[in-house]
1. Please state which one of ALA78, ALA9, ALA42, ALA47 is more than 19 Å from the chain's Cα centre (by Cα) and at pLDDT below 85.
2. Give VAL272, VAL230 a once-over and let me know the one that is at pLDDT below 95 and either among the hydrophobic types (A, V, I, L, M, F, W, C) or surrounded by 16 or more Cβ atoms within 10 Å (Cβ to Cβ) (or both).
3. What pairs come up if the first residue lies in segment 125-142 and is touching a residue at least 12 places away in the same chain (Cβ under 8 Å), the second is among the polar types (S, T, N, Q) and in a helix (DSSP H, G or I), and their beta carbons are under 6 Å apart, counting only those six or more places apart or on different chains?
4. Tell me the helices (runs of 4 or more DSSP H) entirely within segment 222-273 that contain at least 3 residues that are of a type in the set (D, E, K, R).
5. Scan segment 60-88 and report the pairs whose first residue is more than 30 Å from PHE189 (Cα to Cα) and whose second residue is among the acidic types (Asp, Glu) and modelled with pLDDT of 95 or more, with Cβ atoms within less than 6 Å and a gap of 6+ or a chain change.
6. Could you please tell me which pairs satisfy a Cβ distance under 9 Å, a separation of 6+ or placement on different chains, a first residue in segment 106-124 that is of a type in the set (Lys, Arg), and a second residue that is in a strand (DSSP E or B)?
7. For GLY29, work out the one condition from (1) assigned to a loop (DSSP other than H, G, I, E, B); (2) modelled with pLDDT under 80 it doesn't fulfil.
8. On the given criteria, is TYR25 in contact (Cβ under 8 Å) with a residue 40 or more places away in the chain, within 21 Å of GLU251 (Cα to Cα) and under 18 Å from the mean Cα position of the chain (by Cα)?
Amino acid sequence: MSSLSRPFAVDSVYFVRSFDPDALYLSAGTSINLMAGIMQGAFYDPAWPEALNYGSFGEIIGHELTHGFDTIGRQYDASGNVREWWDDQTRERFDERARCFLDQYQNVTVRINRTRVLSVDGELTLGENIADNGGSRAAYFALMELLRERESRRVAKSEQRSRNRPLGGRRQREVDIKGMELYSDEQMFFMGLASVRSEGLLVIDGGYRVLNVVQKLCVRQTPGEEESRVLTDSHAPNSARVNLVLANMEEFSTAFGCPPGSPMNPVKRCRVW
């Protein structure tokens with residue numbers, strides 16, 4: 001109660017509990033909030049290969065970071081005040097690129113039952129879609145930068161190693177998972193990313209062995225709940241949060257060799273950041 005008599009401080013207000021498996025961006029405080037509950041288990045483990053962690057937990061961090069520059073976050077300046085701080089050209093280019101996402105996601109349909117099919121509201125989900133796509137790119141580029149720095153250190157230690165070794169090749173990792181040794185870091189990144197939004201995830205024991213696939217997010221819904229989410233949720237359906245995000249990244253189709261013009265390697269892609 002004593003705080004009511006003091007000036008408002010945006011960094012002193014918390015809307016979720018520390019043990020919740022959640023993360024959020026506060027526009028008024030220009031702050032990224034990562035709860036302790038999401039820094040473990042299904043989303044992050046220091047014993048996992050870095051590529052998996054960057055794809056799963058790194059994507060979450062990138063997602064929240066990008067919220068600072070989505071349709072709502074961009075309206076707040078560095079101090080958390082509502083102010084138009086972009087010039088006209090920047091704003092017009094942002095709106096043009098964002099319109100691509102709006103059209104793309106509005107073509108996503110969800111079958112509720114045999115006779116009822118709903119389309120995703122591209123306007124309602126626009127901010128989250130920008131964050132999904134921008135956050136995934138940010139996490140991927142962060143991993144690539146880490147691998148470049150590591151490769152440079154290894155090259156410096158051994159002149160026998162080629163200085164022009166391509167990034168797309170299979171590298172020696174600090175940690176490997178039995179059964180996944182042949183996958184590249186790029187491929188493992190996208191596996192980690194997909195597991196965050198999909199119906200399943202990899203569960204790995206202390207021996208770094210793939211045990212099974214279990215449900216990560218609560219995506220089993222009644223038709224009524226599914227319909228309600230399509231109509232009111234600012235997030236796109238999980239299938240779109242995986243498939244469209246990956247299809248928008250040329251790096252994914254390169255990593256897995258998707259044929260040109262296929263659903264996961266389309267001719268037209270959308271990108272804001």
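The values are calculated or read from the model by the stated rules, or taken from the named source; none is laboratory data. As the structure is a computational prediction, the values presented were derived from the model and not from experiment. Ideal geometry is used to build each Cβ from the backbone, glycine not excepted, and the neighbour counts take in all protein chains shown.
1. Unique residue meeting the criteria: ALA9.
2. Just a single option satisfies the conditions, and that option is VAL230.
3. Qualifying pairs under 6 Å: ALA131/THR66; GLY134/THR66; GLY135/THR66.
4. 223-232
5. Hits for this filter: zero, empty list.
6. If the second residue must be in a strand (DSSP E or B), the pairs left are ARG111/VAL117; ARG111/LEU118.
7. (2)
8. Here the answer is no, as TYR25 does not meet what is asked.
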